[in-house]
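Reading through the C-alpha cells given below for one structure.
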Amino acid sequence: MEISEDIFGTFSDPDSGKEIPIKRYTLSTGSSPGFKFQVISYGAGISDIVVPDKTGKEDHVTLGFDNLEGYEKFSYLGSSIGRHANRICKGKFSIDGQSYQLSINNNGNHLHGGTRGWDKHVWESCVIDDTVVFSRLSPDGEEGYPGNVLAQVTYRLIKEGGLRIDFEAMTTRATPINMTNHCFFNLAGHAAGQDGIFEHIVKVNADRFTPVTEDLIPTGELAQVEGTGFDLRNPITFGKALPKVPGSGIDHNFCLNNKCRGELEFAAHFHHPPTGRILDVYTSEPGVQIYTGNFLPQEKGKMVGRGGCSYTHQGAFCCEPQNFPNAINQDNFPSDVYHPGKPYKHSMMYKFKVEK
C-alpha cells in the first residue's frame with residue numbers, strides 16, 4: 001500500500017483572508033489494476049475513488065471535480081459532514097434547559113452543519129504510518145452550536161480493497177454531534193448517469209425507516225419497511241425500487257438492524273452487475289441515509305464534473321451512515337448529545353470488490 005501527497009489547489013479563506021494550499025493524499029494498493037482513493041484537506045473529504053471492473057478496466061466510481069473550484073461551488077461531494085449531518089428542524093433545540101438557534105440553510109431548517117459547515121473548511125492534515133489524519137477546531141458558537149469541538153477524521157486503506165473512516169470529536173460543552181461522509185457513488189462509472197444507477201442492485205440491513213414531512217424532517221415514527229417502497233431488505237435494482245416510493249426518489253434514514261451501537265456492522269450492499277463492481281458499507285452508528293441524487297440538476301451542463309462530464313438528476317447515490325436526523329428533538333431516537341465526559345466516535349467503512 002502506498003500514500004503520496006501533492007497540492008490540489010489554493011483556497012481563499014474568508015475568515016483569515018489567507019491563501020491556503022489544499023493538500024491531496026493518494027492511497028493506493030500499488031498494483032495495476034488496483035484500488036485508488038484520494039482525499040483532500042478541503043472538507044476532509046474524498047475527492048476520488050478508482051475501482052477496476054471485471055475486465056480490469058479502471059474507472060472513477062464517485063462524482064468529483066478536476067479542481068478545487070468545483071468542490072467550493074457544489075457542496076458536500078465526498079466531504080466530511082459536521083458538526084451535525086442531515087437536518088435539524090428549524091435549527092432549534094434545547095439542552096439542559098438552554099435553547100439554541102442554529103443557522104438556517106435548507107427550507108427553513110438546518111442541514112449538514114449549516115451555512116458554512118465542516119465541509120467548507122480547510123482541515124489540518126498529516127500522514128501517520130498508513131493513515132491520513134485530518135483535524136480542526138470548531139469554535140463555540142460556530143453556526144450557533146455550543147462548545148469548542150476538536151474533531152478528527154482518519155482515512156486508512158484496507159488491504160482487501162476498502163477504505164476505513166474514523167470520526168472522533170471532543171467538546172467543552174454539551175452539544176449535538178453527528179458526522180458522516182457524503183460520497184456520491186455510481187459503480188457503473190461516474191459518467192454513467194441515471195441509466196447506470198438504475199442497473200444497481202441495492203440491499204439495506206433495516207427493518208424500519210423514519211418517515212419524513214414534506215421538508216424531509218422525520219416525523220418521529222419508526223415505521224416498518226414491510227409493505228412499503230422502502231423495503232430494501234432483499235436485493236432489488238434501483239430501477240425497480242424507485243418507482244415504488246413517493247416522488248420516485250429516496251432521501252430517507254433507515255434504522256439499521258445492528259445489534260450494538262459502537263460496533264462496526266454491515267449496513268448496505270450495492271452491486272452493478274454489468275461491471276461486477278460491489279460496494280458494501282459498514283458503520284458503528286444506528287442509521288444510514290440512502291439518497292438517490294434527487295436534487296442533482298435536471299439539465300445537462302448545470303453541474304460539470306471530472307473530465308467535463310455533466311452530472312444530472314439521479315446520476316449517483318449516497319449511503320451516509322449516521323445517527324437519526326433531528327435526534328436532538330426526538331426523545332425516542334438514539335441520543336446525539338455529547339459532552340466533556342462523553343467523546344464522539346463513529347467508525348465506517350467502504351469495502352469494494354469485483355465479481356468476475
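What follows is calculated from the coordinates using simple rules that are stated; it is not laboratory data. Just so it is clear, the model here is predicted, and its values are computed rather than measured. Positions of Cβ are backbone-derived with ideal geometry, glycine not excepted, and every protein chain shown enters the neighbour counts.
Counted over all Cα-Cα pairs of the chain, pairs farther apart than 31 Å make up 29 percent. Using a Cα-Cα cut-off of under 25 Å, which lysines could be cross-linked to Lys240, ignoring same-chain neighbours fewer than 8 residues away? In chain and number order, the partners are Lys54, Lys203, Lys300, Lys351, Lys353, Lys356. With neighbours defined as other Cβ atoms within 10 Å of a residue's Cβ, the residues Cys319, Cys309 order from fewest to most as Cys309, Cys319. In this structure, the amide hydrogen of Phe11, modeled 1.01 Å from its nitrogen in the peptide plane, lies closer than 5 angstrom to those of Ile20, Ile22, counting only residues at least 5 positions away or on a different chain.
For the range 115-129, backbone phi angles converted through the Karplus equation (6.51, -1.76, 1.60; θ = phi - 60°) give residue-by-residue couplings of 4, 10, x, 5, 5, 10, 10, 8, 9, 5, 8, 6, 10, 10, 6 Hz, Gly and Pro being listed as x. For Lys345, the aspartates and glutamates whose Cα comes closer than 15 Å to its Cα, not counting residues fewer than 8 places off in the same chain, are Asp166, Glu168, Glu263, Glu265, Glu285, Asp336.
Placing +1 on the Cβ of every Lys and Arg and -1 on the Cβ of every Asp and Glu, with nothing else charged, gives the chain a dipole about its Cα centre of roughly 400 debye. Looking at the square roots a ≥ b ≥ c of the eigenvalues of the Cα gyration tensor of the range 1-49, which shape do they give, rounded for a/c under 1.5, prolate if a/b is larger than b/c, or oblate? Note, shape of the range 1-49 comes out prolate.
In terms of surrounding Cβ atoms within a 10 Å radius of their Cβ, Leu216, Leu137, Leu279, Leu187 rank from fewest to most as Leu137, Leu216, Leu279, Leu187. Shown in residue order for the range 91-106 are the 3J(HN,Hα) couplings computed by the Karplus curve 6.51 cos²θ - 1.76 cosθ + 1.60 at θ = phi - 60°: x, 10, 6, 10, 10, 6, x, 9, 8, 10, 10, 8, 5, 10, 9, 7 Hz (x for Gly and Pro). Sequence-ordered 3J(HN,Hα) estimates for the range 208-218 from the Karplus curve with 6.51, -1.76 and 1.60 and θ = phi - 60° stand at 9, 9, 10, x, 10, 7, 4, 9, 6, 9, x Hz, glycine and proline given as x. Comparing the range 215-274 with the 2.2 N^0.38 Å rule of thumb, its C-alpha radius of gyration ratio is 1.27 (two decimals). Cβ-to-Cβ counts within 10 Å put Arg156, Arg233 in ascending order as Arg233, Arg156, the fewest first.
Each of the GluC sites (Glu not before Pro) that DSSP puts in a loop and that has at most 10 other Cβ atoms within 10 Å breaks the chain; the longest unbroken stretch is 1-159. Computed over the chain, the per-residue total of -39500 (n - 2.57) for DSSP H runs of n ≥ 4 gives a 222 nm mean residue ellipticity of -1000 deg cm²/dmol, rounded to 500.
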